[in-house]
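Remarks on the structure that follows.
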Amino acid sequence: MKILVSNDDGYLAPGLIALVEALSPIAEIIVVAPDSNRSGSSNSLTLDRPLSVYRAANGFYFVNGTPSDCVHVALTGGLSFKPDLIVSGINQGQNMGDDTLYSGTVAAATEGFLFGIPAIAFSQVEKGWAHIDAAARVAREFVERDLNMLQTPFLLNVNIPNLPYEQIKGIQATRLGKRHESEAVIKTADPHGREIFWIGPAGKAKDAGEGTDFHAVINGFVSVTPLQIDLTHTAQLDVLRKGLS
């Protein structure tokens, strides 16, 4: 099996390194990741400047662009083969509920999915890399699972609690929960006294009931949510057609 690995924390991130070490015994791995942290970059592609690809001493390739750039460049010109699987992560921090719209980790997986390749995004729930070895073991075991019950290609969003491996209770198939609105921007000043703004923290969980990704990880389970790209609000489509006729 050939796996293309990317992330949004950058090619030096502990989560990426742990993931590659875990997957290397079971697959041929190639890494194409951003040159620096690109969290929150969503599915953006860099169109206003050329991209450069470099190779690090450890063999990882890194790009001066977004996670989507990395996978796009790899699949459309960087690789001489089509990977069997795209794996993104392991992200430092959760990507649940509305996070998936902003997540660079999910975006890297999504880019592969758009090219017809099965893709999985892995994230740890809490920041700080605690128990990253356990998360990497979970990721490897998940990749080794028989997922033939799913329509191919699939796009899966996996969130792993920061727990020792023995304390993880299992894996649950979930839907995305929902967050409250984000907190306000943080106003401050630059060294010249000019007003600047930092994006505030994400909102707390609003819909974290049973069956959601939030509920699963709070209770010590790995959350696996299948994602799709069709954003059409089908419930409003007929209403709109009638209103426009």
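The values are calculated or read from the model by the stated rules, or taken from the named source; none is laboratory data. Values in this document were obtained by computation on a predicted structure and should not be read as measured data. When we count neighbours, we look across all protein chains shown, and the Cβ atoms used for this are built from the backbone with ideal geometry, even at glycine. Only protein heavy atoms, including side chains, enter the accessible area calculation; ligands, DNA and RNA are left aside. Shrake-Rupley method; radii C 1.70, N 1.55, O 1.52, S 1.80 Å.
Touching a Pro at 6+ places or on another chain (Cβ under 8 Å) and open to solvent by 10 Å² or more (accessible area, probe 1.4 Å) - does that describe any residue in segment 95-102?
Taking every residue of segment 95-102 in turn, none turns out to be touching a Pro at 6+ places or on another chain (Cβ under 8 Å) and open to solvent by 10 Å² or more (accessible area, probe 1.4 Å).
Mind listing just one residue for me: the one in segment 66-91 that is among the polar types (S, T, N, Q) and within 10 Å of the chain's Cα centre (by Cα) and, of those, surrounded by the most Cβ atoms within 10 Å (Cβ to Cβ)? Show your work before the answer.
From segment 66-91, those among the polar types (S, T, N, Q) are 66, 68, 76, 80, 88, 91; that's our starting set.
Subset that is within 10 Å of the chain's Cα centre (by Cα): 88, 91.
Values: SER88: 34, ASN91: 31.
Here the residue is SER88.
Only one of (1) open to solvent by 60 Å² or more (accessible area, probe 1.4 Å); (2) touching a Leu at 6+ places or on another chain (Cβ under 8 Å); (3) over 20 Å from PHE113 (Cβ atoms) is not met by GLY220, so which one is it?
With (1) open to solvent by 60 Å² or more (accessible area, probe 1.4 Å); (2) touching a Leu at 6+ places or on another chain (Cβ under 8 Å); (3) over 20 Å from PHE113 (Cβ atoms) applied to GLY220, the lone miss is (1).
Determine whether ILE120 is crowded, with 23+ Cβ neighbours inside 10 Å, touching a Pro at 6+ places or on another chain (Cβ under 9 Å) and over 22 Å from GLY200 (Cβ atoms).
no
Being within 16 Å of the chain's Cα centre (by Cα), more than 29 Å from PRO201 (Cβ to Cβ) and either modelled with pLDDT of 95 or more or not β-branched (Val, Ile, Thr) (or both): is that true of LEU114 here?
It is true that LEU114 is within 16 Å of the chain's Cα centre (by Cα), more than 29 Å from PRO201 (Cβ to Cβ) and either modelled with pLDDT of 95 or more or not β-branched (Val, Ile, Thr) (or both).
Which of the residues spanning segment 96-139 are among the basic types (Lys, Arg), without any contact (Cβ under 8 Å) to a residue 40 or more places away in the chain and assigned to a helix (DSSP H, G or I)?
none
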